[in-house]
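The structure appears right after this line, and notes come after that.
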Amino acid sequence: MRFRNIRGDKRGVAFRDALMEGISTGGSLYIPEEFPILDPRIIEAAATPDPAATGFEVLSKFIDDMPTDNLRRIAGEAFNFPVPLVSLDDSISLLELFHGPTLAFKDFGARFMAGAMDYFLGEEERNITVIVATSGDTGSAVAQGFFGKRNISVYILYPSGKISPLQERQMTTLGGNIHAVEVGGTFDDCQRLVKQALADSDLVRKRSLTTANSINPGRLLPQISYYVSGYAQWKVREGNGTLPLLVIPSGNFGNLTAALYAGRMGIRAAKYVAATNGNDVVPEYFRTGIYTPRASKRTYSNAMDVGDPNNLSRIEAMYDSDISGMRKDITAMSVGDAATLDEIRSVYEKTGYILDPHTAVGVSAARSLIVSGGGEKAVVAATAHPAKFPEVIREALGIEIELPDALRRSLDLPKRSTKIEPELEEVKRLVTGGGE
Ligand SMILES: *Cc1c(COP(=O)(O)O)cnc(C)c1O
């Protein structure tokens with residue numbers, strides 16, 4: 001399978017090149033040239049959740065420039081945690097994607113990507129620099145996924161004071177090949193700096209610079225596999241009856257893109273629902289047909305505080321930018337902070353289950369749609385473990401959530417980061433001055 005840039009002005013490249021470049025020269029994103037259909041038996045087998053096996057099957061449809069055994073090994077090492085579909089109540093189920101080491105779904109993409117890059121670099125015996133912007137969870141997943149990879153230096157740009165203390169600890173306490181960069185600005189500033197750095201051909205050449213944001217297809221493709229597993233588990237439980245709304249709490253829309261890719265490959269849903277927080281540029285776009293990117297604002301679900309989502313162009317490319325086609329498959333909804341807290345409270349009171357604020361945005365959207373007759377049942381992607389957001393849980397429920405051991409340990413380690421202004425020159429100085 002080859003990957004072409006969205007503009008389609010160059011020949012397709014192999015997976016290795018799309019992975020290593022992250023984004024095509026000129027700033028256009030890589031997309032697969034086609035969507036292979038999964039054998040129904042493979043989808044059926046995904047019901048006995050074996051994320052490594054499902055991940056391998058899905059990825060092998062796209063990646064044909066790596067020996068099968070290596071791909072199987074990398075998938076096995078990356079997806080070594082479960083993906084259960086659990087019932088919340090009669091109408092809503094959660095696909096729990098947060099059982100990886102940093103307790104958010106981004107572990108799937110970051111761990112596979114680190115393994116695949118490490119493999120290709122070992123072949124080529126060269127070093128690269130990975131730069132990434134984070135609104136919280138990407139940074140921790142990328143930091144943990146890439147930590148200790150010999151040939152890769154990682155720079156993580158995050159908005160100073162705008163991520164949770166725990167998220168910050170998870171990326172600033174590792175050291176070694178992981179460099180945390182605290183940017184005096186917003187997440188959108190961080191994202192812009194990464195795009196600018198990647199558009200600087202001199203810098204890209206000198207440092208072999210690439211990105212681990214969800215603009216990199218190496219992060220996006222592994223995410224398809226858990227939707228296959230979720231759909232398979234749903235079918236075993238519900239038979240051939242109702243199809244669920246598939247609700248994805250969305251920020252940069254990578255996770256929704258992966259769900260839509262899974263749809264092209266054979267899974268089914270009544271509708272794909274993009275649930276955003278108060279950063280509602282996409283719901284507005286679906287309503288009005290006009291896309292107006294804005295500066296992001298801070299909410300309780302900070303990993304979704306995005307004002308100009310990166311992956312929207314990939315979704316538009318699937319529909320030839322036809323908004324009415326997109327509306328047929330996708331519903332986009334915004335959920336505010338107050339409704340998010342309410343949802344955490346009412347679910348806890350009724351069931352004892354603690355939703356993280358991102359998942360709560362999805363559950364709240366699912367509930368409004370079901371109440372208004374927009375669907376019967378829903379599967380919501382549970383994108384993070386609530387322990388990552390103890391401040392929000394305290395505010396919603398008045399309780400202290402217990403931290404898993406790994407998280408508690410990182411809290412005691414010293415924070416190491418470099419503070420910069422949101423200027424490309426400062427990023428360049430860091431990345432080239434590092435000397436290693
Ligand atoms: C990153 C993230 C999201 C948003 O995912 P996108 O692919 O950027 O839309 C939602 N929830 C959590 C917990 C996240 O970390």
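For segment 291-304, the condition of being away from the ligand (no atom under 15 Å from the Cβ), part of a helix (DSSP H, G or I), in contact (Cβ under 8 Å) with a residue 60 or more places away in the chain and surrounded by fewer than 23 Cβ atoms within 10 Å (Cβ to Cβ) holds for none of the residues.
Out of (1) closer than 23 Å to Asp118 by Cα; (2) touching a helix residue (DSSP H, G or I) at 6+ places or on another chain (Cβ under 9 Å), what's the single condition that is false for Arg205? For Arg205, the exception is condition (2).
The number of residues in segment 313-326 that are open to solvent by 10 Å² or more (accessible area, probe 1.4 Å), out of contact with any strand residue (DSSP E or B) (no Cβ under 7 Å at 6 or more places or on another chain) and assigned to a helix (DSSP H, G or I) comes to 6. Remark: Ile63 matches the filter, which requires a residue to be modelled with pLDDT of 95 or more, crowded, with 17+ Cβ neighbours inside 10 Å, under 21 Å from the mean Cα position of the chain (by Cα) and β-branched (Val, Ile, Thr). For segment 20-58, a tally of residues being modelled with pLDDT of 95 or more, of a type in the set (A, V, I, L, M, F, W, C) and under 24 Å from Leu312 (Cβ atoms) returns 3. Within segment 133-154, being away from the ligand (no atom under 12 Å from the Cβ) and touching a Ser or Thr at 6+ places or on another chain (Cβ under 7 Å) holds for Gln144, Ser153.
For segment 386-399, filtering for residues that are modelled with pLDDT under 95 and of a type outside the set (A, V, I, L, M, F, W, C) leaves 3.
If you go through segment 90-98 one residue at a time, do you hit one that is within 16 Å of the ligand (Cβ to nearest atom), buried (at least 24 other Cβ atoms within 10 Å of the Cβ) and closer than 19 Å to Ile215 by Cα? No, segment 90-98 has no match at all.
Any idea which of (1) open to solvent by 20 Å² or more (accessible area, probe 1.4 Å); (2) more than 21 Å from the chain's Cα centre (by Cα) is the one Pro49 doesn't satisfy? Just one mismatch for Pro49, condition (2).
Is at least one residue of segment 388-400 touching a Phe, Trp or Tyr at 6+ places or on another chain (Cβ under 6 Å), within 16 Å of the ligand (Cβ to nearest atom) and under 27 Å from Val228 (Cβ atoms)?
No, every residue in segment 388-400 fails to be touching a Phe, Trp or Tyr at 6+ places or on another chain (Cβ under 6 Å), within 16 Å of the ligand (Cβ to nearest atom) and under 27 Å from Val228 (Cβ atoms).
Of the residues making up segment 20-67, those that are in contact with a strand residue (DSSP E or B) (Cβ under 8 Å, 6 or more places away or on another chain) and among the aliphatic types (A, V, I, L, M) are Met20, Ile23, Leu29, Ile31.
Of everything in segment 116-129, what is surrounded by fewer than 24 Cβ atoms within 10 Å (Cβ to Cβ) and in a helix (DSSP H, G or I)? Give them in sequence order. Of everything in segment 116-129, those that are surrounded by fewer than 24 Cβ atoms within 10 Å (Cβ to Cβ) and in a helix (DSSP H, G or I) turn out to be Asp118, Tyr119, Phe120, Leu121, Gly122, Glu123, Glu124. Within segment 239-257, residues that are open to solvent by 30 Å² or more (accessible area, probe 1.4 Å) have Cβ atoms under 7 Å from residues that are part of a loop (DSSP other than H, G, I, E, B) in these pairs: Thr242/Glu376; Thr242/Lys377; Leu243/Arg268; Leu243/Ala269; Leu243/Ala270, counting only partners at least 6 apart in sequence or on another chain. Search segment 361-378 for residues being touching a strand residue (DSSP E or B) at 6+ places or on another chain (Cβ under 7 Å) and within 15 Å of the ligand (Cβ to nearest atom), and hand back the single one that is farthest from Ser91 (Cα to Cα). So the residue we want is Val361. Against the criterion of being over 30 Å from Arg4 (Cα atoms), touching a helix residue (DSSP H, G or I) at 6+ places or on another chain (Cβ under 8 Å) and of a type outside the set (Asp, Glu), Ile393 qualifies.
The values are calculated or read from the model by the stated rules, or taken from the named source; none is laboratory data. Only a predicted model underlies this, so the values are computations on that prediction, with no experimental measurement involved. Note: ideal-geometry Cβ built from the backbone for every residue, glycine included; neighbour counts use all protein chains shown. The protein model used for the area step is the full one, side chains on, heavy atoms only, and it has no ligands, DNA or RNA in it. Shrake-Rupley method; radii C 1.70, N 1.55, O 1.52, S 1.80 Å.
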